[in-house]
Amino acid sequence: MRALFCLLLAGAGACASAPSQATTSPTPARDSTQADAGRGGTSTPNADPFPSTYVPFASRTTVIRNVTILTAAGPMIRNGAILLQNGKIAAVGATVDAPADALAIDGAGKYVTPGIIDDHSHLGVYAAPGGNALSDGNEATSPTTPQVWAEHSVWPQDPQFPRNLAGGVTTLQVLPGSANLIGGRSVVLKVVPGRTVQAMKFPGAKYGLKMACGENPKRVYGQRGGPSTRMGNVAGYRAAWIKAVDYRRKWDKWNADHKGDPPARDLGNETLAEVLRGNILVHNHCYRADEMAQMIDISHEFGYKIRSFHHGVEAYKIADLLAKEGIAGSLWADWGSFKMEALDAVKANMALVDHAGARVVVHSDDPSGSQRLNQEAAKAMEAGAEIGLPVSEDQAIKWLTINPAWALGLDDKIGSLEKGKNADVVLWTGDPFSVYSKPEKVWIDGALLYDRLDPSEQWRTDFELGFVPFNRN
Amino acid sequence: MISYKLASRLAAALSLSVIAALPCASQTIAITGGKVYPVSGPPIENGTVIITNGKIAAVGANVAIPAGAQRIDATGKIVTPGFVDASTQLGVQEVAAVNDTRDMSARGKDNIAAAFRVWEGLNPNSVLLAPARKEGVTTFVIVPTGGLVSGQAALVDVVPGTTTEMILKAPVAMVAVVGDPLSVGLASRGEVIGKLRELLDDTKFFQTHRDAFDRAQTRPFAASRLDLEAMIPVVEGKLPLLVAVDRASDIDAAMRLARDYNVKLMISSGAEAWMMADKIAAARIPVLTGAMNNIPAGFAALGQRQENAGLLRKAGVEVALIGNAGGGDEEAFNVRNIKQEAGNAVSYGMTWDDALRAVTLVPAEVFGASDRVGALKPGLEGNVVVWSGDPFEFTTRAEHVFVRGREYTDRTRQDLLVERYRNLPSTHNTPPLQ
C-alpha cells in the first residue's frame, strides 16, 4: 500500500516527506510576548475556572503585495498590500511600507481576506471518526442543561480541525447540540493545534449559550418526560428563566452587600444569570419564523438579548423583525427539506435578510460545509442576484468574517483587515467566491499555520498519524 | 378579497402543475451561437443544436436551421447535455424526517430486498423535482438505500407525468451495501461477504432448479423467491451490482466477490477507492463518488479525500460525480449541487472536461442509457441546458433547460415563497399572494 501512496502522491511532492509523516505535525515555538491575557468568563463566584492558555505561534513579519484585498471594512483594494507584524495587521492599503527583512509574498492573481469565522461548529464535540465514543455534543439527559460546557467535550485531536483550517477557518464557535431547550455553554476556539482545549480557547472571548427551538427537543424528550410539544418547549424555557432571574437577584444582592452566607451555587443558573447580565451571548437554534418571534418575546420577558438565530431557514419571513431587534441570522445557503421546520428554505434567504438590514452570518453546523463557507456564500449571492438583490463581494465577505465576529462579540479583535486587528488572514488562490479557489495560506495571529503548497508542514492531529494515509494539499 | 385570494391561489397552482405539464413535442427548437459541449465529441464553437419532436436532431457548426424553428440565441453561452445525478433519493424522499414521505428503503427478508423496485414509490409531484431541473439536472438515478441488498435502481428524467413516463430505464442496477455489518444485524465484514456469496450461490441454484423449487423440493434459500428472481440478471452479468462501499479492503472484497461470480460491479461512495485506483481501473469498474468530502468520518473512511475522483480518473477509472459531502439533503433537495461537486472535482485534480463527462455521459454509459441521455447527439432525448457561463461556477445560471425537447420555466415552490415574502408588510400579517 505504501508504494501505491507514493505513486499517487508523487505529483504533490509527498513522497519525499512520506518517511517523516509521523512527525509532520507542526509545533512551532510559541511567541509568549503576544500572550493576550484574557478572562473567558465572569460568572460569580468563580469567573474563569478553565482559563485560556493560548499563546500565538511564532510569526514572521510578512507582507503580501499585488493582491486583491477584501477587507470586510470597506471597498475591495485591487493590487493592494497588507503587512502582518507582531501578530497584528500593521498596515493595509494600496501600498504599505514593510521592513527590509519582511517575508514578501507576491499575491498576483490572488485574494486576501480576513480569516473565516464559523459561529456554528460541533468540531471536537462530535469528533471524527465519530461513533458513540466521540459523541459528546448533546447532554440529552434533561431538556434543560445550562450547567454543561462544550469545552469539556472538545477533543483537540479531532482531525476535522486541521481540515477547517485548510478551508480558511481561523475561529470557531463550538456549540452543544440542539437536543435540549437550553443545551449549555459554547466555547470559542482558534483553529490551532493544542494539547489541551485551553490552548485553543480564544483569549477573552465571551461564552455563548446554546438554546434550541422546535422539533429537536420535542422529538428527543417526547417519549421520556417531555417536552413533547412546542408549547412544552416554551414552558421549559420560561421555567428556566424564572429560576435564573431569582438566582441572579440573590447573587447580585449578596455581591453588593456581602451580608450573611452567600447563596447556594448552582452551575446552570450561574450560566443563565450571566446571560441576564449580558456577559454570555445567546445563540438560538430556531428554524421557523413564528418560533423566532416567540423566542424574541421570551427574551423581552426576561430581559436578555438573543445574539443570533441559527439555521433560521425562515428568517426571510421576519427579516424586518431581526433587523429591528438587532439579531443576526446565522444561516445556510441552501439546506432544506430534511424536516418539517426546514421545509420553507429558500436560497435567497441570506440576500433577503441582508437586504432588510439584519446581519447575515454564513454558518455551517457541518464539518464538511465549514471548509467551504466561501462557496456557500457564493451560492447565496447568486440566489440574491437572481431575484434582483445582488450582493457585492464586499458585502458577502462580511457574512463570513466581521458579522460572525460580531455574533461572537469579537468584532473589535477579528473579522476585518484593519490596522491593529489580529492578523488572522487567508491568502486565496483566486476569487474566494469562485468554485475553483482555495485557501493557499492561512495565518492566525500572524503565524503561518497552513500552507497548501507545503504538505509536509501541514498540521496532522495525533489521530491522523498512521491512520490517515495521506497529507492534505 | 376572498375571491382575489382564491384567484391568486388558483394561479399559483396552475403555474406549478398544469402549465408545466403541457408537452409541445412536435416543436422544433434551434439553439444557436453557443459553445456546444456534446461530451460525446469535441466542443463546437458557435455551434447549433436542433431539437425536433423531443429528440436531438442535429448538433454541429454548420447545421441548417429548419423553417419555423423556435430559435434560442446562445451566443456567448455554454450548451451542454442535461446533467445526470447518478445517485439520489429524489422523488422517493420529500422530507427526510417525515417517515411517510420516505420510500427509498425496503425491509426485505434478512436485509435482502433484491425485489424492491424503488421507482414504485416515485412521486412525480414531488416539489423537489423542479428545483433540481431549474438548475440543470434533467436526469437522475434513484438509488434504494439500506440493508444488505437494498433493491433496484432506476434512471428517470425530470418530466411531469406518471412514473412510467418519467422512467428512462429500470432497473439500471441492483444495489448492495458492503462494509457495514452492524447495520444489517451481522457481526463482521467477512459475514457480510459470506451472506452475499450465499445469495449469489442460491440465485444460481434457483435459476437452474426452478421446477424443483416450485415443487418445494429444494433446500431452503437465503432469500425469498422474488428476491432470487430479481438477482438472476445480476448473476447473468446483465444487471450491474452497485455496491456502496468505502474502505479499501472492503472494495477489494467486493471485487473478489464480483470476479468469483462474474458479476458486473459498480462502486458508489468509495471513500478509499483512490487507494485501489489501478486495480479498479484494470477491472473496468466504474465509481460513483463526490469531491466535497475529506473527513475520516469512520474507521471505514479514514482515507477519504477530495482528490479521490481526480485520482481515480487519472488512473483510467470511469467516474460519475455524486453528492457526498453529507449535509443539506444532497440526495434530494440539493441534487442541484451536483455542479458544485463537479467544480470541486476540478479544483482537486480532475480535468474540466472529465468533470463534465462525470455529470453527463459517464452516468448514462455506466447505467446503460447512453443511447437516451448524457450527450448531445442525434437521436438522444432533447435534454439540453443553455448556461450563462461555466456551468460549475456559482455566478452561472441555467438559462434554458430542455427535457425531452420541452423547455421548463415553471416557478418552484421556493420561487413562490420568495415572491410572497420579497416585500414584507409593515404588520405581522402574511403578505398577500402575488
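The values are calculated or read from the model by the stated rules, or taken from the named source; none is laboratory data. These numbers were taken from a predicted model, which means no experiment stands behind them. FYI the Cβ positions are ideal-geometry reconstructions off the backbone, even for glycines, and counts take in every protein chain you see.
Could you tell me which of the residues B:Glu341, B:Glu318 is in contact (Cβ under 8 Å) with a residue 40 or more places away in the chain and surrounded by fewer than 24 Cβ atoms within 10 Å (Cβ to Cβ)?
Going through B:Glu341, B:Glu318 in turn, the sole match is B:Glu318.
Mind checking which residues of the range A:432-471 are at negative phi, out of contact with any Phe, Trp or Tyr (no Cβ under 9 Å at 6 or more places or on another chain) and of a type outside the set (Val, Ile, Thr)?
A:Asp451, A:Arg452, A:Leu453, A:Asp454, A:Ser456, A:Arg460, A:Asp462, A:Glu464, A:Leu465, A:Asn471
Does A:Asp411 satisfy the condition of being closer than 30 Å to A:Asn279 by Cβ, out of contact with any Ser or Thr (no Cβ under 9 Å at 6 or more places or on another chain) and within 14 Å of chain B (Cβ to nearest Cβ)?
No, not satisfied.
Can you confirm whether the range B:403-419 contains a residue that is part of a strand (DSSP E or B), more than 9 Å from chain A (Cβ to nearest Cβ), within 17 Å of the chain's Cα centre (by Cα) and buried (at least 18 other Cβ atoms within 10 Å of the Cβ)? Spell out how you get there, then give the answer.
Going through the range B:403-419, the residues part of a strand (DSSP E or B) turn out to be B:403, B:406-407.
Going one step further and asking which of them are more than 9 Å from chain A (Cβ to nearest Cβ), we end up with B:403, B:406-407.
Within this subset, residues satisfying the condition of being within 17 Å of the chain's Cα centre (by Cα) are B:403.
Filter once more, keeping what is buried (at least 18 other Cβ atoms within 10 Å of the Cβ): B:403.
Yes, there is a match, as at least one residue in the range B:403-419 is part of a strand (DSSP E or B), more than 9 Å from chain A (Cβ to nearest Cβ), within 17 Å of the chain's Cα centre (by Cα) and buried (at least 18 other Cβ atoms within 10 Å of the Cβ).
Looking at the range B:362-376, can you tell me whether even one residue there is among the small types (Gly, Ala, Ser), within 12 Å of chain A (Cβ to nearest Cβ) and not in a helix (DSSP H, G or I)?
no
Taking the criterion of being part of a loop (DSSP other than H, G, I, E, B), in contact with a His (Cβ under 6 Å, 6 or more places away or on another chain), crowded, with 21+ Cβ neighbours inside 10 Å and at pLDDT 95 or above, would at least one residue in the range A:386-399 satisfy it?
Looking through the range A:386-399, none of the residues is part of a loop (DSSP other than H, G, I, E, B), in contact with a His (Cβ under 6 Å, 6 or more places away or on another chain), crowded, with 21+ Cβ neighbours inside 10 Å and at pLDDT 95 or above.
I need every pair where a residue in the range B:111-134 that is among the aromatic types (Phe, Trp, Tyr) and modelled with pLDDT of 95 or more has its Cβ under 7 Å from the Cβ of a residue that is surrounded by fewer than 19 Cβ atoms within 10 Å (Cβ to Cβ) and in a helix (DSSP H, G or I), sequence separation at least 6 or different chains.
As it stands, the answer is B:Trp119/B:Thr163, since those pairs meet every condition given.
So, in the range B:275-305, exactly how many residues are in a helix (DSSP H, G or I) and farther than 25 Å from B:Ser188 by Cβ?
Residues meeting the conditions: 4.
I'd like to know if the range B:6-29 contains one or more residues that are in a strand (DSSP E or B), in contact with a Lys or Arg (Cβ under 9 Å, 6 or more places away or on another chain) and at pLDDT 90 or above.
yes
Go through (1) surrounded by fewer than 21 Cβ atoms within 10 Å (Cβ to Cβ); (2) away from every other protein chain (no Cβ under 14 Å); (3) free of Cβ contacts under 8 Å to residues at least 60 places away in the same chain for A:Phe309 and report which single condition fails.
Evaluating A:Phe309 over (1) surrounded by fewer than 21 Cβ atoms within 10 Å (Cβ to Cβ); (2) away from every other protein chain (no Cβ under 14 Å); (3) free of Cβ contacts under 8 Å to residues at least 60 places away in the same chain leaves (1) as the failure.
How many of the residues in the range B:261-305 are within 12 Å of chain A (Cβ to nearest Cβ) and touching an Asp or Glu at 6+ places or on another chain (Cβ under 8 Å)?
Number of matching residues: 15.
Could you please let me know if A:Arg238 is surrounded by fewer than 18 Cβ atoms within 10 Å (Cβ to Cβ) and either modelled with pLDDT of 95 or more or assigned to a strand (DSSP E or B) (or both)?
Yes: the conditions hold for A:Arg238.
Can you report the number of residues in the range A:319-340 which are more than 8 Å from chain B (Cβ to nearest Cβ), crowded, with 21+ Cβ neighbours inside 10 Å and more than 18 Å from the chain's Cα centre (by Cα)?
Selection size over the range A:319-340: 1.
Could you tell me whether A:Ala345 is at pLDDT 95 or above and in a helix (DSSP H, G or I)?
Values: at pLDDT 95 or above: yes; in a helix (DSSP H, G or I): no.
It is false that A:Ala345 is at pLDDT 95 or above and in a helix (DSSP H, G or I).
Could you count how many residues in the range B:301-354 are within 15 Å of the chain's Cα centre (by Cα) and not polar (S, T, N, Q)?
16
Tell me, please, whether a residue that is modelled with pLDDT under 95 and either within 7 Å of another protein chain (Cβ to nearest Cβ) or part of a strand (DSSP E or B) (or both) can be found in the range B:306-326.
Checked the range B:306-326: at least one residue is modelled with pLDDT under 95 and either within 7 Å of another protein chain (Cβ to nearest Cβ) or part of a strand (DSSP E or B) (or both).
Condition check ((1) in contact (Cβ under 8 Å) with a residue 24 or more places away in the chain; (2) in contact with a helix residue (DSSP H, G or I) (Cβ under 7 Å, 6 or more places away or on another chain); (3) buried (at least 22 other Cβ atoms within 10 Å of the Cβ)) across all residues:
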residue: B:Ala69; (1), (2), (3): yes, no, no
residue: B:Thr75; (1), (2), (3): yes, no, no
residue: B:Ile78; (1), (2), (3): yes, no, no
residue: B:Phe83; (1), (2), (3): yes, yes, yes
residue: B:Gly91; (1), (2), (3): yes, yes, yes
residue: B:Val98; (1), (2), (3): no, yes, no
residue: B:Arg102; (1), (2), (3): no, no, no
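Quick one: which of B:Phe205, B:Phe213 is in contact with a Phe, Trp or Tyr (Cβ under 7 Å, 6 or more places away or on another chain), surrounded by fewer than 23 Cβ atoms within 10 Å (Cβ to Cβ) and not in a strand (DSSP E or B)?
Of the residues listed, the single one that is in contact with a Phe, Trp or Tyr (Cβ under 7 Å, 6 or more places away or on another chain), surrounded by fewer than 23 Cβ atoms within 10 Å (Cβ to Cβ) and not in a strand (DSSP E or B) is B:Phe213.
So B:Asp329 fits all but one of (1) at positive phi; (2) surrounded by fewer than 22 Cβ atoms within 10 Å (Cβ to Cβ); what number is the exception?
That leaves (2) as the condition not met.
If you check A:Gly74, A:Gly40, which single one turns out to be at pLDDT below 95, under 22 Å from A:Ile444 (Cα atoms) and within 26 Å of the chain's Cα centre (by Cα)?
Result of the check over A:Gly74, A:Gly40: A:Gly40.
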